[in-house]
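Q: Sharing a structure with you now.
The values are calculated or read from the model by the stated rules, or taken from the named source; none is laboratory data. Note that the structure is predicted; figures quoted are calculated from it, not measured. FYI the Cβ positions are ideal-geometry reconstructions off the backbone, even for glycines, and counts take in every protein chain you see.
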Amino acid sequence: MKKVLLFTHGIDIDGYGCAILAKLAFGNDVEIHYADNFELDEKFAQRVYGVSAKQVLEDTADKKHLFETAKTNLQDFEKIYITDHCLSYPLCQFVDEDKETVSKLLVLDHHESRKAEQGKFDWVKIVENIRENNKACGTNLFYFHLINQGKIFPSYAIARWARLTTLCDTWTWKGSPCEDDCIKLDILGKALGREKYVEHFTEKLFKEMSKSQPSFEFSSEEKNLIEEYQVAYSKKLDEYVSKIKIVDFDGMKAGFVHIKDLFKNDIAEKVRSLPLAQKVDFLLMPVDDRESVSLRNINPNCDVSKIAQAHGGGGHFAAASIPKENLKGLVDDKNLGAN
């Protein structure tokens, strides 16, 4: 049987969710590669063409040789998915000429900042809303695609889990009837980490699929883990908030602080509830365990995706990121780039 190759975002439960769906749909016949915000080009180029992304895009690159290499490297795969992520526009242009690879490739993304350029290619699907007032994310786009392809049959348990993932990833959980469960799922993603989270929920959802009356509930063991994690997490979050400095950036006021990746969303939620929210437009956060800088809006009228695009990054209106290298020299920070 031919296999499936998946490249997915590797830093949050939306990217993890795509890996879980792939395992449920294809079992052991899926090969998964996780990519950080600015790693996808390199990982794709190395796996498909056997060289670096820079070599692929050089004017002197031998396209015919690279296309033949891709044909060999992908001969065991009938489908290639990129979910919750997208190749850069220059790499998309190159890949679009590789007709054999493109015939197997489908990108399912929901990041608006990529729509104008990457959205021009037929094999790239950038969708912001599944339906009116129902935002898209990588997990629900992949879920509906797999259902349409007959690879996964609709299940209450998977639909519920995918819905919670979507609400978390699109920041629309607050005030919803699912708010409490969204918080629990998000915390489990942080507490378990990527590999354990994917393993845990693949097994959990697979068991529910085999039942005549599947459900989606958190077990007592999951609840205990959540409670223990919340105590330690809250203490660390307060510590990060106390270290925020206000700096001028692109004509606006930014709250600048180094963080670990786990905290980049919740610190914004915390700041929005504090008097500090009246003093800053957005948060500018070098991520010490990533090669990226996260941006989160605090002023609801601040579009951080535009700020990110001006500095070689991208993302959403309320959340975006830029390569850490691109921040050097723009902020007085001797620790920038230190992990």
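Q: Can you find a residue in segment 174-190 that is of a type in the set (Ser, Thr, Tyr), out of contact with any strand residue (DSSP E or B) (no Cβ under 6 Å at 6 or more places or on another chain) and in the same structural domain as Gln55 (by TED's automatic domain parsing)? Spell out the reasoning first.
A: Start the filter on segment 174-190 by keeping residues that are of a type in the set (Ser, Thr, Tyr), which leaves 176.
Next, from what is left, pick out any that are out of contact with any strand residue (DSSP E or B) (no Cβ under 6 Å at 6 or more places or on another chain): 176.
Then keep just the ones that are in the same structural domain as Gln55 (by TED's automatic domain parsing); that gives 176.
Looking through segment 174-190, at least one residue is of a type in the set (Ser, Thr, Tyr), out of contact with any strand residue (DSSP E or B) (no Cβ under 6 Å at 6 or more places or on another chain) and in the same structural domain as Gln55 (by TED's automatic domain parsing).
Q: Do you know which of the residues in segment 75-91 that are surrounded by fewer than 21 Cβ atoms within 10 Å (Cβ to Cβ) and not basic (Lys, Arg) is nearest to Asp261 (Cα to Cα)? Give the derivation first.
A: The initial filter retains those residues of segment 75-91 that are surrounded by fewer than 21 Cβ atoms within 10 Å (Cβ to Cβ), namely 75-79, 88-91.
Narrowing the set further to residues that are not basic (Lys, Arg) leaves 75-78, 88-91.
Working: Gln75: 36, Asp76: 35, Phe77: 33, Glu78: 34, Ser88: 23, Tyr89: 26, Pro90: 28, Leu91: 27 Å.
Filtering first and then ranking leaves Ser88.
Q: May I pose another question? Return a yes/no flag: does segment 196-212 have any residue that is closer than 30 Å to Ser103 by Cβ and of a type outside the set (Lys, Arg).
A: yes
Q: OK, next. Considering segment 191-213 alone, what residues qualify as being closer than 24 Å to Tyr233 by Cβ and of a type in the set (A, V, I, L, M, F, W, C)? Let's see the steps before the verdict.
A: Taking segment 191-213 first, the residues closer than 24 Å to Tyr233 by Cβ are 191-201, 204.
If the condition is that a residue be closer than 24 Å to Tyr233 by Cβ and of a type in the set (A, V, I, L, M, F, W, C), then Ala191, Leu192, Val198, Phe201 are the ones that fit.
Q: Hey, another quick one. Name the pairs whose Cβ atoms lie under 8 Å apart, with the first residue in segment 21-36 and at positive phi, the second not in a helix (DSSP H, G or I), and 6 or more positions between them or separate chains?
A: none
Q: Among the residues of segment 265-278, is there at least one that is surrounded by fewer than 21 Cβ atoms within 10 Å (Cβ to Cβ), touching a residue at least 60 places away in the same chain (Cβ under 8 Å) and aliphatic (A, V, I, L, M)?
A: For segment 265-278, residues surrounded by fewer than 21 Cβ atoms within 10 Å (Cβ to Cβ), touching a residue at least 60 places away in the same chain (Cβ under 8 Å) and aliphatic (A, V, I, L, M): absent.
Q: Also, quick follow-up: Out of the residues in segment 239-251 that are touching a residue at least 12 places away in the same chain (Cβ under 8 Å) and loosely packed, with under 14 Cβ neighbours inside 10 Å, which is farthest from Leu188 (Cα to Cα)? Working first, answer last.
A: Initially, segment 239-251 is screened for residues touching a residue at least 12 places away in the same chain (Cβ under 8 Å), giving 240-241, 243-247, 249-250.
Remaining after also requiring loosely packed, with under 14 Cβ neighbours inside 10 Å: 243, 245-246, 250.
Values: Lys243: 26, Lys245: 30, Ile246: 32, Asp250: 36 Å.
Within segment 239-251, the match that is farthest from Leu188 (Cα to Cα) is Asp250.
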